[in-house]
Amino acid sequence: MGKSTLFAAITKKQVDCANYPFCTIEPNVGVVAVPDERVDKLAELTHSAKKIYATVKFVDIAGLVKGANQGEGLGNKFLSNIREVDAIVYVLRCFKNDKIINTRQKIDPIEEKEILDTEMALKDLETLEKRSEDLEKEARSGDKKAMKELEVLKKAKELLKSAKILSDAELDEEELKILNSYQFLTLKKRIYLLNGAEDEVPDEIINIFKNNSWPHIVMDVAAEAEASGLNQEERKELGLSELSQLDELIKESYRLLELITFLTTRSDEVRAWTIKRGSTAPQAGGVVHTDFERCFIRAEVINWQDLVNANGFANAREKGLIRTEGKEYIIKDGDVIEIKSNA
């Protein structure tokens, strides 16, 4: 009971959670809303009838076991499917329940993590070997681009051979650009979900994750799956935390992908929009409507909390809280914006 149960709970989508290994063959896909109190409070302020939250897409992919790079289990299928995702949630077993099949002889989340890392590293090394052969021929002919690419691939190869995954390595912007073009598995960002109740996850395990700065969440997936439809009061009555850990995982996934939210308000809707951190005002306009980026003139911007504190746009404008920003403005998380364009 792990990743497919988690997927079903987090997406409220019924998928096969049968108690046997590799029950997920084809990947299940679900799009979930990112919980956001800002949308709720702005909708209340503006009396908007409709609330639209930002979303994250979760994909439930076949499980991975030792030897996957050589086709064990559903290894090759897993490794091809996972190339398409932007980040990975490692669901690591910590719970003790003999009724739930364990593909391994013991419960050891650290060793389980290392197996997953190793299998992905071996697949990446296979890709590196194949590409390096072609690049060596191009480099010998004096192709400077090929020479630089080969240099970066050799560095990646050494890192992987020394048991380091690429996402933990110190790489500059140019190196990352080259490596990203290959969709290396070990370059993908990851969250480690320690699957069990808090008293089933030893402090020494938690400390290993903390000391290595590995993003992690302790979650009893089975309990959260059972409680996924309960409100805060009902959760308290059952001795669960008021806020769902599923929401925490959704938010953490959003942060891990370096995504931020900006908001728009109209009389009929408040909407949260997703954009990469560091994006400009015209790029935000392009998310709302493609013509807004091409025909961008300016943006009127206010922080959502300032807008709520001012009790609406009229008071905010009177107090000088609404700013006019141009093409160079970098969007901040929580900005409420209105794009002016000649589209």
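The values are calculated or read from the model by the stated rules, or taken from the named source; none is laboratory data. This one's a predicted model, so the numbers in the text were calculated from it and none came from an experiment. All Cβ positions, even for glycine, are placed from backbone atoms using ideal geometry, and neighbour counts span all protein chains on display.
Would you check which residues across the stretch 189-206 are within 22 Å of the chain's Cα centre (by Cα), touching a residue at least 40 places away in the same chain (Cβ under 8 Å) and surrounded by fewer than 19 Cβ atoms within 10 Å (Cβ to Cβ) and list them? Quick ask: steps written out before the conclusion?
Filtering the stretch 189-206 for residues within 22 Å of the chain's Cα centre (by Cα) gives 189-196, 206.
Restricting the remaining residues to those that are touching a residue at least 40 places away in the same chain (Cβ under 8 Å) gives 189-196.
Result: LYS189, ILE191.
Is at least one residue of the stretch 121-135 within 22 Å of ALA87 (Cβ to Cβ), assigned to a loop (DSSP other than H, G, I, E, B), under 23 Å from the mean Cα position of the chain (by Cα) and touching a residue at least 24 places away in the same chain (Cβ under 8 Å)? No: zero hits. A single entry from GLU328, GLU338 fulfils the requirement of being surrounded by 13 or more Cβ atoms within 10 Å (Cβ to Cβ) and in contact (Cβ under 8 Å) with a residue 40 or more places away in the chain: GLU338.
Taking the criterion of being assigned to a loop (DSSP other than H, G, I, E, B) and either surrounded by 15 or more Cβ atoms within 10 Å (Cβ to Cβ) or basic (Lys, Arg) (or both), the residues of the stretch 284-323 that qualify are CYS295, ALA310, LYS319, LEU321, ILE322. The residues in the stretch 142-166 that are at pLDDT below 90 and either under 23 Å from the mean Cα position of the chain (by Cα) or part of a loop (DSSP other than H, G, I, E, B) (or both) can be counted, and the count is 6. Scanning the stretch 140-157 for residues that are of a type in the set (Lys, Arg) and in contact with a Ser or Thr (Cβ under 9 Å, 6 or more places away or on another chain) yields LYS154, LYS157. Is it the case, given these coordinates, that ASP247 is touching a residue at least 24 places away in the same chain (Cβ under 8 Å) and part of a loop (DSSP other than H, G, I, E, B)? Judged against the criteria, ASP247 is not a match. Among the candidates PHE184, PHE209, the residue that is under 23 Å from the mean Cα position of the chain (by Cα), surrounded by 19 or more Cβ atoms within 10 Å (Cβ to Cβ) and over 24 Å from LYS251 (Cβ atoms) is uniquely PHE184.
Those residues that are of a type outside the set (S, T, N, Q) and surrounded by 15 or more Cβ atoms within 10 Å (Cβ to Cβ), I need them from the stretch 258-277; list them, please.
Going through the stretch 258-277, the residues of a type outside the set (S, T, N, Q) turn out to be 258-260, 262-263, 266, 268-273, 275-277.
LEU259, ILE260, PHE262, LEU263, GLU269, VAL270, ARG271, ALA272, TRP273, ILE275 - these are the residues of the stretch 258-277 that are of a type outside the set (S, T, N, Q) and surrounded by 15 or more Cβ atoms within 10 Å (Cβ to Cβ).
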